[in-house]
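Structure first, commentary second.
FYI, it's all coordinate maths here, none of it is from the lab. If you're wondering where the values come from, they're calculated on a predicted model, not measured in any experiment. As a convention, Cβ positions derive from the backbone with ideal geometry for all residues, glycine included, and neighbour counts pool all protein chains shown.
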Amino acid sequence: MADRREQNRLYAKIPDAPAGGFDGQLLAFAEELREEGMALGTSELLDAFAALEQVPWTEQDEFKGALSATLAKSPDDRRTFDLVFDRFFFRAAEAEAARREITEAPSRSDVFDVDLEALRREIAAALRDGDEATLRDLARLAIAAFGKGEGSGVLGVDVQRIRRALGLRAEPQPDLPEDDPRRDGIGREQLRRFEQQLRRELERDLIERTASLPPKRPLTELDRALPTGPIQDLAAVHRVVAQLKRRLATQGHELKGRKRHAHVDMRRTMRASLQTGGVPIELKYRPQRPRRPEIFVLCDVSTSVTSASTFFLSVLHALHDAFRKLRSFVFIERISEVTEVFERERDFRAASEAVSRDAGVADISGYTDYGRVWTELLALIEDELHPRATVIVLGDARTNGRPPRDDVFAAITARAGRTFWLNPEPRLYWNYGDSVIAAYEQHCTAFECWRTDQLEEFVKALTQPIVA
Amino acid sequence: MPETITEPSSVDDVVAGLRSVGYLPGSSTALVSYLAIKLGKPVLVEGPAGVGKTELAKALARYLGRTLVRLQCYEGLDEAKALYEWNYKKQLLRIQTEAGETGWREVQDDIFGEEFLLPRPLMTAISSPDPVVLLIDEIDKTDQEFEAMLLELLSEFQISIPELGRIEARTQPVVLLTSNNTRELTEALKRRCLYLWLDYPETEHELEIVRLHSPDLDETLARKLVEIIHQVRELDLKKPPSIAESIDWARALLLLGADEIDGETFKQTMSVIVKHRTDLDTVAARVGVKLEPASGDGQPAA
C-alpha cells in the first residue's frame with residue numbers, strides 16, 4: 001500500500017548530508033525519533049554522545065546498544081527506537097553511497113548456477129538458527145535468483161513473490177522430506193525478519209538504480225505494536241491487567257503523604273511521648289485513607305464485540321480485585337448482574353465460563369438494545385447512584401438501528417459522579433453505520449480502547465482522586 | 001580492600017569479569033554496565049521478575065570488588081528509612097546530661113552533628129570511603145515523592161541535610177535501580193539514568209546459565225529442560241518461570257537422578273517451575289502431554 005504510493009510519487013533527489021558530520025547525523029536521527037513521538041531531552045543526547053566516546057563505533061551492536069541505553073527508556077520506546085534506527089541508518093548509508101556514487105559490482109550473472117533447491121533449504125536453516133548475517137547474504141542471493149528482471153516495481157509484491165518462490169510458510173508442510181527444515185513450518189517472527197531483509201535489499205537495489213531516495217515510510221501503529229497484537233494475545237492482556245491491579249492498589253496513596261493536611265493523632269502522639277519522658281518530640285499523624293469510589297460496570301457481551309469481550313471481561317475481573325464496592329452487569333439485549341460470579345470465582349477463566357454459562361443474559365435476538373439496557377439499569381441502581389459513584393460502560397455503542405435512548409443514559413450520568421465509556425473500536429469507526437457513540441459521548445468521557453496502552457490511559461483517568 | 005578493586009577498560013573486560021564471578025551477561029547487559037562504570041550514571045534495569053536484575057548488581061559488586069549497599073523499596077518508604085534519621089534518643093540523652101551546664105547554643109550545635117546521624121542505605125553509599133555498588137531494588141514499589149527525592153542523589157551524588165548542609169559523595173558509586181515495570185516511572189528519573197531492558201534469555205544463553213549453576217547435569221537433559229521452559233513461557237501464565245526456577249528445576253532433576261524428562265518426571269517436578277494452581281493445570285495440559293513417552297506418535301518432544 002505504502003509502496004504503491006511511493007511508486008506514484010516522484011522520488012526525492014538525494015538530499016544533502018546534514019551539516020556537522022557525524023554529530024549532525026546523530027542529531028538528525030534524534031529528530032526523527034522525536035517525530036515518531038519519543039520525548040528526547042538535550043541531556044539525553046549529551047549522554048548519548050558521552051556514551052559513544054566509550055565504545056567502538058565499528059561494532060554495530062555496541063553502537064546501537066550505547067544509543068538505545070541513553071535514548072530509549074521504556075519497552076515501547078525501544079521498539080520505536082529499533083525501527084527508526086534501522087530505517088535511519090540504512091537510508092543514511094545508502095544516501096551517502098549514492099552521493100559518492102559507490103555502486104556494487106554487477107557480478108550477479110553467476111548466481112543462476114546456484115542450485116535453487118539448496119538455496120531454499122539453506123535459507124530455511126538460517127531462519128531456524130537465527131543467524132542475521134547469513135540471512136542477509138542469502139536474501140541477496142534469493143533476490144538475484146528469483147527477483148531480477150521480472151521485478152514488479154512494488155517492493156511488497158516482490159517480497160511476497162520471492163517468499164513464495166522459496167516455499168517458506170508458517171504452517172507445517174508434511175509432504176516435504178524428513179530432513180527439510182521447512183517441514184515443521186517457520187515461525188511467523190522469523191518469516192517477518194526475512195521479509196524485512198528482502199525488502200531492505202530490494203530497497204537498496206532501487207536506490208542504487210534510480211540514484212534517488214524514496215520518501216521514508218512513517219511508522220504505522222502496526223509496526224509500533226509489539227509483534228503480537230496485544231489485545232488478541234490474552235497473555236499480554238493479563239500482564240497489563242496484572243500491572244493495572246498493582247497500580248489500582250497503590251493509586252490514591254499519594255494522598256497519604258504525611259505532611260499534607262495531616263491531622264495530629266493525639267492518642268498516638270501522647271503514647272509515643274512516653275518514650276521521651278513525656279515530651280512529645282515526635283508527632284504522630286492520622287493516616288489519610290484514599291477514598292475508594294463505588295463503581296458500576298456494564299459490559300457488552302454481544303457478538304459485535306466478541307473479539308473484545310475477553311479483554312473486557314479480564315478488565316472487569318481486575319477491577320473486581322481492586323475495588324470492593326463494585327457491581328457489574330453484562331448485557332446484550334437486556335442486562336443481568338454478574339457481581340456474584342466475579343466475587344465467587346478468583347480465576348479469570350472460570351469466571352468467564354460462568355458468565356457465559358449461567359449469567360442468564362436474556363438473549364433473544366442476539367442484538368444489543370441499548371435503550372432497553374439503560375432503562376433496566378436505571379430501574380436497578382437508581383437508588384444507589386450518587387455523586388461519588390462511577391459508571392463504566394464497555395461497549396461499541398452499536399444499536400442495530402434501535403433507539404439509543406440517550407435521554408435515559410443522560411439520566412444515569414446525571415445521577416452518577418463520573419461516567420466513562422470504553423469503546424473497543426478505533427475512533428475512526430465511531431459514528432459510522434449504527435454506531436451512536438456521539439449521542440452518548442456528550443454525557444460521558446469516552447475512550448477508545450483497543451490497545452493496552454489506551455487501557456492504561458483509562459486507568460489513569462479512573463484512579464485520579466475524586467475531589468468531592 | 002583497594003587492591004582488589006578492578007577498573008574495566010573495555011566491554012569485553014566486563015563480560016569476562018562478570019563471567020568470572022558466575023554471572024553470564026547478555027551483550028547489552030555488559031555494554032550498559034560498562035557505560036555505567038565509565039560515565040558514572042545510574043542504570044535503570046527493567047524486565048520481568050526473575051531475569052537476574054538484582055543478581056546483576058550483586059555480580060557487579062563482586063566483580064568490581066566493591067561493597068554492595070542495598071535499599072529494598074516498598075510502599076510508604078520515606079527519607080527516614082532510605083536516607084538518614086536523627087538519633088532522637090541519643091540527642092535526648094545528650095540534652096539531659098548537659099542540661100544546666102551548657103548554654104542552648106552549644107547543645108543545639110552539638111546534637112545536630114554527624115555523631116547523631118543514623119545513616120540509612122543511601123547515606124551509607126554516599127559517605128563510604130571506598131566506592132560501592134548501590135542497589136535500589138524495586139523502585140516501582142515506592143511512590144513518586146520518593147523518586148523525586150532520589151533525583152538529587154542520582155544526578156549530583158549528594159544529599160542535602162537541612163541542619164548540616166550538603167554531604168557529597170567521596171567516591172563515585174555504581175548505582176542500579178531495578179523495576180518490574182508495574183508503574184510508569186517519572187520522566188525526570190528516567191532522564192538521569194541509562195536504561196537496560198533485561199528479558200528472558202535466548203535458549204543458548206539460558207542453557208549456558210543452567211549449565212553454570214548445575215554443571216553435573218547432562219548436556220542433552222539440560223538442553224531439553226531449557227527448551228521446555230521456553231515452551232512454558234509461551235503459555236498464558238500468571239507467573240512464567242524465571243531463570244532462577246530453571247536452575248531450581250535443574251537441581252531438582254539432579255537430586256532425583258532423572259536422566260530423561262518424560263511425562264512422569266515432568267508431572268512430579270513441574271511444581272518447581274510453576275507456582276499457581278491454575279497455571280499447573282494449563283502447563284500439564286499444554287506441555288505435559290507432549291512429553292508422554294509415546295514413541296510412535298511422530299512428535300518428538302521438544
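Give me the inter-chain shielding for B:136-144: mean count of other chain Cβ atoms within 10 Å, whole number please.
Going residue by residue through B:136-144 and averaging, the value is 2.
For the residue pair B:ILE95 and A:MET266, what label-to-label distance in nm results when each label sits 7 Å from Cα along the Cα-to-beta-carbon direction?
According to this spin-label approximation, the distance is 2.3 nm.
With a/c under 1.5 counting as rounded, go ahead and sort the range B:181-302 into rounded, prolate or oblate using the C-alpha gyration tensor (a ≥ b ≥ c being the square roots of the eigenvalues; past the cut-off, prolate if a/b is larger than b/c, else oblate).
Prolate, because a/c is 1.5 or more and a/b exceeds b/c.
Taking neighbour Cβ counts within 10 Å as the exposure measure, how do B:THR54, A:THR445 sort from fewest upward?
A:THR445, B:THR54
Which of B:LYS224/B:LYS275; B:LYS224/B:LYS290; B:LYS58/B:LYS89; A:LYS284/B:LYS81; A:LYS73/B:LYS38 have a Cα-Cα distance over 24 Å?
Table pairs above 24 Å Cα-Cα are B:LYS58/B:LYS89.
Need one number: % antiparallel among DSSP beta bridges in chain B, to the nearest 5.
30
Could you put B:LEU177, B:LEU93, A:LEU40 in order, starting from the residue whose Cβ has the fewest other Cβ atoms within 10 Å?
Least to most surrounded, the residues fall as B:LEU93, A:LEU40, B:LEU177.
Work the Kirkwood hydrodynamic radius out for the range B:5-76: mean of 1/r over every pair of different alpha-carbon atoms, inverted, in Å.
Answer for the range B:5-76: a Kirkwood hydrodynamic radius of 12.8 Å.
Please list, ordered by chain and number, the residues whose modelled amide H lies under 5 Å from the amide H of B:LEU194; skip anything fewer than 5 residues away on the same chain.
Residues meeting the criterion, in which the H sits 1.01 Å from N, are B:VAL43, B:LEU44.
With a point put 7 Å past each Cα toward its Cβ, work out how far A:GLU53 is from A:PHE22 in nm, to one decimal.
According to this spin-label approximation, the distance is 1.3 nm.
Averaging over all projection directions, find the projected area of the Cα convex hull of the range B:1-130 and quote it in nm² with one decimal place.
11.3
Work out, in µm²/s and without decimals, the Stokes-Einstein translational diffusion coefficient of the range B:85-207 at 20 °C, 1.002 mPa s, Rh from Kirkwood over C-alpha pairs.
123
Within a 10 angstrom radius of the beta carbon, how do A:ASP47, A:ASP205, A:ASP76, A:ASP383 rank from fewest other beta carbons to most?
Placing the least packed residue first, the sequence is A:ASP383, A:ASP76, A:ASP205, A:ASP47.
Going 7 Å from the Cα of A:GLN442 in the Cα-to-Cβ direction, what parts of the range A:388-418 have a backbone nitrogen less than 14 Å from that spot?
Taking a point 7 Å out along Cα→Cβ of A:GLN442, the residues of the range A:388-418 whose backbone N falls under 14 Å are A:404-411.
Give me the inter-chain shielding for A:53-66: mean count of other chain Cβ atoms within 10 Å, whole number please.
Mean partner shielding for this stretch: 4.
So which chymotrypsin sites (Phe, Trp or Tyr not before Pro) in the range A:384-465 end up in coil per DSSP with only 10 or fewer other C-beta atoms within 10 Å?
A:TYR432
For chain B, with a Gaussian network of springs between Cα atoms less than 10 Å apart, report the residue from B:LEU35, B:LEU194, B:LEU256 with the top mean-square fluctuation.
Fluctuation is largest for B:LEU256.
How large is log10 I(q)/I(0) at q = 0.08, 0.12, 0.15 Å⁻¹ when the Debye formula is applied to the Cα atoms of chain B, each weighted equally and without solvent?
-0.48, -0.87, -1.14
Could you work out how far apart the two model spin labels at A:LYS460 and A:ALA165 are, taking each label as a point 7 Å from the Cα in the direction of the beta carbon, and quote it in nm?
Result: 4.9 nm between the two label points.
Can you list residues whose amide H is under 5 Å from A:SER328's amide H, if they're 5+ apart or on another chain and H is modeled 1.01 Å from N?
A:VAL297, A:VAL338, A:THR339
Within 10 Å of each Cβ of A:41-47, how many other protein chain Cβ atoms are there on average?
If you average over the peptide's residues, the count of other-chain Cβ atoms is 3.
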